[in-house]
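Have a look at the structure below, then the notes.
Rule-based calculations on the coordinates, nothing more; no lab input. The structure displayed is predicted, hence computed values, not measured ones. Backbone-built Cβ (ideal geometry, glycine too); neighbour counts: all protein chains shown.
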Amino acid sequence: MTDSDPVIAQVERWLQDVVVGLNLCPFARKPMRAGQIRFVVSEATNDAVLLEELLDEFQVLDRTPLEEVETSLLILPTHLRDFHDYNFFLQEAEWLLKRQGYEGVYQIASFHPHYQFAGTDPDDAENLTNRAPYPILHTLREESLERGLQNYPDPDSIPHNNILRVESLSDDEKRALFPYLFS
């Protein structure tokens, strides 16, 4: 798929406006500006196919120098639209990571339009920190993550700062940044 794909365009806008714009991930700006983020639209309609696609992403990162592709976003426009199904699938994704020997090499970050942290209500603002236009499996290189964390003054403050940031958004700002939640 190309950057003109509407699914990719929507995810790129979310990255620019929410993740980078609100500074929810202080490490995202550099690879985004450098064009080092790989966007892949999944065609999976079941978990087995999605696991194959995820393994393919690990292998693409294996073959591609960090300078070309630092991270990968596997976007799921049709599969795992239910958050509980998605959350259950994350266990399978972690199992794949370990079984294929990628533990300590890659890490999977999760995003979903209906993301809900344990112990929160669906409408709690902190859930916005992981809400995206589509379910996404974000494969990060551990090497990049460790380097970013070493150079960040207080990495433990990131989640708390993110919660404060999204809690400070007005209703109009939320509608503008997360239009897919209000349609």
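Side notes on the structure shown:
- Residue check, LEU97 under 29 Å from ILE163 (Cβ atoms), in contact with a His (Cβ under 9 Å, 6 or more places away or on another chain) and buried (at least 18 other Cβ atoms within 10 Å of the Cβ): no
- Test: residue in region 163-178 that is farther than 23 Å from GLY21 by Cα, out of contact with any Cys (no Cβ under 7 Å at 6 or more places or on another chain) and exposed (fewer than 13 other Cβ atoms within 10 Å of the Cβ): no
- Residue list for region 23-46, filter: closer than 22 Å to LEU80 by Cα and touching a helix residue (DSSP H, G or I) at 6+ places or on another chain (Cβ under 6 Å): PHE39, VAL41, SER42, ALA44
- Every test in (1) in a loop (DSSP other than H, G, I, E, B); (2) within 14 Å of the chain's Cα centre (by Cα); (3) surrounded by fewer than 16 Cβ atoms within 10 Å (Cβ to Cβ) is passed by CYS25 save one, and that test is (3).
- There is at least one residue in region 42-49 that is in contact (Cβ under 8 Å) with a residue 12 or more places away in the chain, in contact with a Ser or Thr (Cβ under 7 Å, 6 or more places away or on another chain) and of a type in the set (Val, Ile, Thr).
- Single residue of GLU103, GLU68, GLU126 found to be in contact with a helix residue (DSSP H, G or I) (Cβ under 8 Å, 6 or more places away or on another chain) and exposed (fewer than 14 other Cβ atoms within 10 Å of the Cβ): GLU103
Residues checked against (1) touching a residue at least 12 places away in the same chain (Cβ under 8 Å); (2) farther than 12 Å from LEU128 by Cβ:
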site: LEU145; (1), (2): yes, yes
site: GLY148; (1), (2): yes, yes
site: TYR152; (1), (2): yes, yes
site: SER157; (1), (2): no, yes
site: HIS160; (1), (2): no, yes
site: ARG165; (1), (2): yes, no
site: SER168; (1), (2): no, no
site: GLU173; (1), (2): no, no
site: PHE178; (1), (2): yes, no
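- So LEU76, is it crowded, with 17+ Cβ neighbours inside 10 Å, closer than 21 Å to GLN150 by Cα and in contact with a Ser or Thr (Cβ under 6 Å, 6 or more places away or on another chain): no
- Any hit, region 57-69, residues being touching a strand residue (DSSP E or B) at 6+ places or on another chain (Cβ under 6 Å) and without any contact (Cβ under 8 Å) to a residue 60 or more places away in the chain: yes
- Where a residue in region 124-141 is in contact (Cβ under 8 Å) with a residue 40 or more places away in the chain and under 12 Å from ARG81 (Cα atoms) and its partner, wherever it lies, is surrounded by 18 or more Cβ atoms within 10 Å (Cβ to Cβ) and of a type in the set (Phe, Trp, Tyr), with Cβ under 8 Å and at least six apart: ALA132/TRP14; ALA132/PHE111; ALA132/TYR115; PRO133/TRP14; PRO135/TYR86; PRO135/PHE111; ILE136/PHE111
- The conditions of being within 25 Å of PRO133 (Cα to Cα), out of contact with any Ser or Thr (no Cβ under 6 Å at 6 or more places or on another chain) and not aliphatic (A, V, I, L, M) are not met by GLU103.
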